[in-house]
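The values are calculated or read from the model by the stated rules, or taken from the named source; none is laboratory data. Keep in mind the model is a prediction, meaning the values are calculated, not measured. With ideal geometry, Cβ positions are generated from the backbone for all residues, glycine too; neighbour counts draw on all protein chains shown.
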Amino acid sequence: MLAGSYFQFVYEVKFVDEQQVDKIVPVCLESEMQTSYIDYAMSVIITRALPDVRDGLKPVHRRILYAMHEAGMTPNKPYKKSARIVGEVLGKYHPHGDSSVYDATVRLAQDFSTRYPLVDGHGNFGSIEGDGAAAMRYTEARLEKFAEEVYLKDLDKTVEFIPNYDETEKEPEVLPVRVPNLLINGAEGIAVGMSTSIPPHNLGEVIDVVRAYIDNPEITTRELMEYMPGPDFPTGGIIANKSGLAEIYETGSGKIKLRGKIDIELGKRKADKDKMVITEIPYTMIGAGINKFLVDVAELVESKKLTDVVDISNQSNKDGIRIVLELKKDADVEKIRNILYKKTKLEDTYGVNMLAIAGGRPETLNLKGILKNYLDFQYHNATRKYQALLEKELEKKEIKEGLIKACDIIDLIIAVLRGSKSLKDAKACLMTGDISNIKFRTAGFEKEAGQLHFTEKQASAILEMRLYKLIGLEILALEKEYKETMAKIAEYQHILESRANMDVVIKKDLEAIKEEFATPRRTLIEDGKEAVYDETAVAVSEVVFVMDRFGYCKLLDKSTYDRNRETIETENVHVVSCFNTDKICIFTNTGNLHQVKAADIPYGKLRDKGTPIDNLSKYDGTKEQIIYLCSAESMKGSRFLFATKQALVKRVPGEEFETNNRTVAATKLLEGDDVVSILVLRAETEVVLQTSSGVFLRFALEEIPEMKKNSRGVRGIKLAQGEELETVYLLGEDPVIEYKKKEVHLNRLKIGKRDGKGSKARL
């Protein structure tokens with residue numbers, strides 16, 4: 001084995017002439033892992049996660065629809081148990097978990113998840129508020145008429161069929177979807193290293209776009225948007241960045257700003273309160289997002305940011321969304337609207353990435369790219385369809401021509417049949433004029449019979465023809481059918497002659513679909529004003545931040561603090577006076593500075609437990625400890641002394657910590673080092689460092705340099721092996737401390753130099 005090479009030994013057993021032969025094959029592990037991972041990734045991408053640009057469906061959706069179609073679960077048939085559908089799909093086409101199939105079926109039936117549902121669900125299929133569907137044994141389903149007519153029609157004449165996973169069944173490679181489903185219902189999926197997120201659109205508008213593109217393939221994206229201005233979500237709502245949609249359709253990616261729709265209901269009577277009613281929500285808010293919105297609004301009210309809201313209730317039902325906010329008299333509606341958009345998920349971003357499988361590989365497509373792939377697919381399907389129909393009509397023509405001819409010489413035909421000993425002899429005579437085995441009962445037919453030359457299909461049809469077909473009216477009907485067949489042949493040949501002729505057919509078909517299935521647009525598109533909410537505009541008031549030793553915190557009114565000052569300071573570890581527009585700064589032993597807005601901290605009463613500080617900031621009490629806590633305003637103009645357990649010290653101006661980030665590094669630490677002390681410097685001139693072994697070093701504060709927050713500092717005292725810096729003291733008004741239950745007078749310590757060894761205090 002070569003150095004630096006990686007080999008895996010694979011044990012293979014082969015049978016040669018019924019004798020077992022062992023063969024050890026060396027395989028490069030690196031290349032084998034690479035190949036296997038790529039194969040796995042492509043399998044996930046192609047067969048599970050991403051939709052095909054042709055029919056806009058993922059494999060699981062395609063298999064569900066096909067299985068339901070094959071099982072006869074059509075719109076005109078009774079509902080069938082969902083468990084039966086799942087069983088059909090799993091057993092024949094989709095060898096994965098049952099939950100993946102049922103969840104996909106449920107989503108196809110939810111009118112709030114899918115813009116145009118393809119499955120007609122009966123029973124509990126979940127709700128827009130996040131309630132899950134009932135178990136598959138309780139629910140029933142069948143195909144929607146839209147799916148049957150538009151997605152599965154002409155299945156046998158258009159698309160190719162491929163073997164299923166165990167090659168015991170056949171399944172369509174794609175469904176012959178007659179509309180751009182990738183646009184109409186959109187798609188969402190996560191694959192290995194990539195994802196897709198395509199918003200749904202309005203069926204009528206999409207069809208208009210296709211027709212416009214057929215008429216002019218060189219049309220620009222902005223011109224296409226005159227027919228289809230933007231997405232159309234099943235939940236309605238508002239798209240607030242209309243001007244940015246063109247770039248999304250040109251590049252295939254971007255962000256859509258979604259907003260909920262807010263209506264104002266004025267009180268009918270003097271005693272009635274005005275109401276702000278949310279009737280439509282962003283598509284991203286369905287499910288748990290609705291309850292989260294209610295909680296967020298309640299917290300905004302509690303934190304006194306929504307002072308004009310007195311009550312909130314969710315009155316949504318099967319008829320639609322209705323979330324009601326009761327307002328105070330003369331409430332500032334515009335301000336409330338801006339706060340809801342700015343501080344809750346009532347305004348959210350929908351990330352667009354129009355990634356789909358095109359030509360067997362994942363590709364990010366723009367609007368025109370999707371339309372081109374769709375139309376190429378339609379031309380392919382139409383060609384196969386009309387070629388199949390033409391062949392069928394040509395066969396009919398051949399048979400009808402034979403029957404018409406046979407009716408004209410029916411006496412001869414009867415004579416041949418009566419003179420034949422077997423069907424084989426009769427058929428041979430009709431096809432080739434072979435009369436060697438025919439014994440005519442009446443002379444005179446031999447010559448004419450010898451001239452017969454019907455085709456095999458014509459001969460078979462003549463032999464199967466019933467006598468009533470010889471009735472005059474039946475003959476006339478046959479001639480009429482023949483003319484109709486010839487008309488159809490001419491029609492199909494005309495369609496197949498050119499792409500332009502096929503365009504006419506496709507456009508006509510799309511127009512019929514639009515007339516039957518199109519629905520009005522639900523989502524409003526506009527360039528909405530940016531939601532502006534200036535938190536500094538909130539009425540400034542003095543508050544007190546308190547936090548107990550368990551990490552539970554709250555804000556108290558200044559008056560409550562003044563009345564119970566002694567109790568509050570006794571029961572809480574941290575008590576900080578600040579303004580409601582200020583920030584609370586948390587310095588930890590790990591060198592982090594966490595910030596939380598006072599406005600985000602709930603108000604509480606004296607005996608309220610409060611909220612864990614972990615829930616309000618990025619501080620994690622299980623991994624770090626609070627060294628110092630203050631308000632952001634108090635740091636302005638201040639200087640701080642930082643000290644670590646490895647005896648690194650520095651002075652830092654408070655301006656260094658001015659930031660809008662929730663978490664920043666307050667200092668740079670060596671590996672294994674921690675912050676042990678952060679002190680506010682005032683008029684002190686000397687500092688004392690104390691180690692874990694009781695060594696003290698007193699020196700002038702000016703010997704510690706002023707540095708940036710991202711510096712490590714300088715060594716304050718030389719530490720012995722296994723020794724750490726334990727405490728830092730500033731010499732001020734009270735220079736007496738307690739160490740090991742005895743008093744130490746810091747001002748009696750010998751004055752040394754920074755980075756000295758120090759000395760043990762006399763106890």
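Specify the residue that is nearest to the chain's Cα centre (by Cα); the eligible residues are those in segment 486-501 that are under 17 Å from Asn381 (Cα atoms) and either modelled with pLDDT of 95 or more or small (Gly, Ala, Ser) (or both).
Among residues in segment 486-501 that are under 17 Å from Asn381 (Cα atoms) and either modelled with pLDDT of 95 or more or small (Gly, Ala, Ser) (or both), the one nearest to the chain's Cα centre (by Cα) is Ala500.
Out of all the residues in segment 738-750, is one or more of a type in the set (Val, Ile, Thr), farther than 20 Å from Cys630 by Cβ, buried (at least 19 other Cβ atoms within 10 Å of the Cβ) and free of Cβ contacts under 8 Å to residues at least 60 places away in the same chain?
Yes: one or more hits.
Of all the residues that make up segment 304-346, how many are free of Cβ contacts under 8 Å to residues at least 60 places away in the same chain and farther than 20 Å from Phe112 by Cβ?
Counting residues in segment 304-346 that are free of Cβ contacts under 8 Å to residues at least 60 places away in the same chain and farther than 20 Å from Phe112 by Cβ gives 17.
Is it the case that segment 352-361 has a residue that's within 41 Å of the chain's Cα centre (by Cα), among the hydrophobic types (A, V, I, L, M, F, W, C) and in a helix (DSSP H, G or I)?
no
Exactly one of (1) over 17 Å from Leu258 (Cα atoms); (2) in contact (Cβ under 8 Å) with a residue 12 or more places away in the chain is unmet by Val295. Its number?
Of everything listed in (1) over 17 Å from Leu258 (Cα atoms); (2) in contact (Cβ under 8 Å) with a residue 12 or more places away in the chain, Val295 misses just condition (2).
Looking only at segment 409-418, decide whether some residue is under 22 Å from the mean Cα position of the chain (by Cα) and surrounded by 20 or more Cβ atoms within 10 Å (Cβ to Cβ).
No - not one qualifying residue is present in segment 409-418.
Any idea which residue in segment 234-283 is surrounded by the most Cβ atoms within 10 Å (Cβ to Cβ), counting only those that are acidic (Asp, Glu) and out of contact with any strand residue (DSSP E or B) (no Cβ under 8 Å at 6 or more places or on another chain)?
Among those residues, the one meeting the criterion is Glu250.
As an exercise: evaluate Arg361 against (1) touching a helix residue (DSSP H, G or I) at 6+ places or on another chain (Cβ under 7 Å); (2) of a type in the set (Lys, Arg); (3) without any contact (Cβ under 8 Å) to a residue 40 or more places away in the chain and give the number of the one condition it does not meet.
Every listed condition holds for Arg361 apart from (1).
Name the helices (runs of 4 or more DSSP H) wholly inside segment 52-171 in which the number of residues that are crowded, with 17+ Cβ neighbours inside 10 Å, among the aliphatic types (A, V, I, L, M) and in contact with a strand residue (DSSP E or B) (Cβ under 6 Å, 6 or more places away or on another chain) is 2 or more.
Where helices (runs of 4 or more DSSP H) fall fully within segment 52-171 and carry at least 2 residues being crowded, with 17+ Cβ neighbours inside 10 Å, among the aliphatic types (A, V, I, L, M) and in contact with a strand residue (DSSP E or B) (Cβ under 6 Å, 6 or more places away or on another chain), they are 98-109.
Can you name the number of the only condition in (1) surrounded by 16 or more Cβ atoms within 10 Å (Cβ to Cβ); (2) in contact with a Leu (Cβ under 8 Å, 6 or more places away or on another chain); (3) of a type in the set (D, E, K, R) that Asp311 fails?
(1)
Can you pull out every residue in segment 610-652 that is of a type in the set (Phe, Trp, Tyr) and either over 35 Å from the mean Cα position of the chain (by Cα) or at pLDDT below 90 (or both)?
Within segment 610-652, Tyr628, Phe640, Phe642 meet the criteria.
Would you call Lys270 within 24 Å of the chain's Cα centre (by Cα), among the basic types (Lys, Arg) and modelled with pLDDT under 95?
Taking the combined requirement at face value, the residue does not satisfy it.
Please verify whether segment 534-545 includes one or more residues that are loosely packed, with under 13 Cβ neighbours inside 10 Å and modelled with pLDDT of 90 or more.
No, that holds for no residue.
Quick check on this structure: which one of Gly360, Gly351, Gly369 is surrounded by 16 or more Cβ atoms within 10 Å (Cβ to Cβ), of a type outside the set (D, E, K, R) and not assigned by TED's automatic domain parsing to the domain that holds Glu280?
Gly369
Looking at the structure I just gave you, is Ile286 in the same structural domain as Leu340 (by TED's automatic domain parsing), over 21 Å from Asp52 (Cα atoms), crowded, with 16+ Cβ neighbours inside 10 Å and of a type in the set (A, V, I, L, M)?
When the stated conditions are applied, Ile286 passes them.
Out of everything in segment 78-95 that is free of Cβ contacts under 8 Å to residues at least 24 places away in the same chain and not aliphatic (A, V, I, L, M), what residue ends up being nearest to Asp166 (Cα to Cα)?
Here the residue is Gly91.
Is there a residue in segment 194-212 that is buried (at least 17 other Cβ atoms within 10 Å of the Cβ), among the hydroxyl-bearing types (Ser, Thr, Tyr), touching a residue at least 24 places away in the same chain (Cβ under 8 Å) and part of a helix (DSSP H, G or I)?
Checked against the condition, which is being buried (at least 17 other Cβ atoms within 10 Å of the Cβ), among the hydroxyl-bearing types (Ser, Thr, Tyr), touching a residue at least 24 places away in the same chain (Cβ under 8 Å) and part of a helix (DSSP H, G or I), segment 194-212 yields no hits at all.
What number of residues within segment 421-473 satisfy the criterion of being assigned to a helix (DSSP H, G or I) and either out of contact with any Lys or Arg (no Cβ under 9 Å at 6 or more places or on another chain) or within 15 Å of Asp411 (Cα to Cα) (or both)?
Of the residues in that region, 24 qualify.
Taking the criterion of being without any contact (Cβ under 8 Å) to a residue 24 or more places away in the chain and out of contact with any Leu (no Cβ under 7 Å at 6 or more places or on another chain), would at least one residue in segment 705-717 satisfy it?
No, segment 705-717 contains no residue that is without any contact (Cβ under 8 Å) to a residue 24 or more places away in the chain and out of contact with any Leu (no Cβ under 7 Å at 6 or more places or on another chain).
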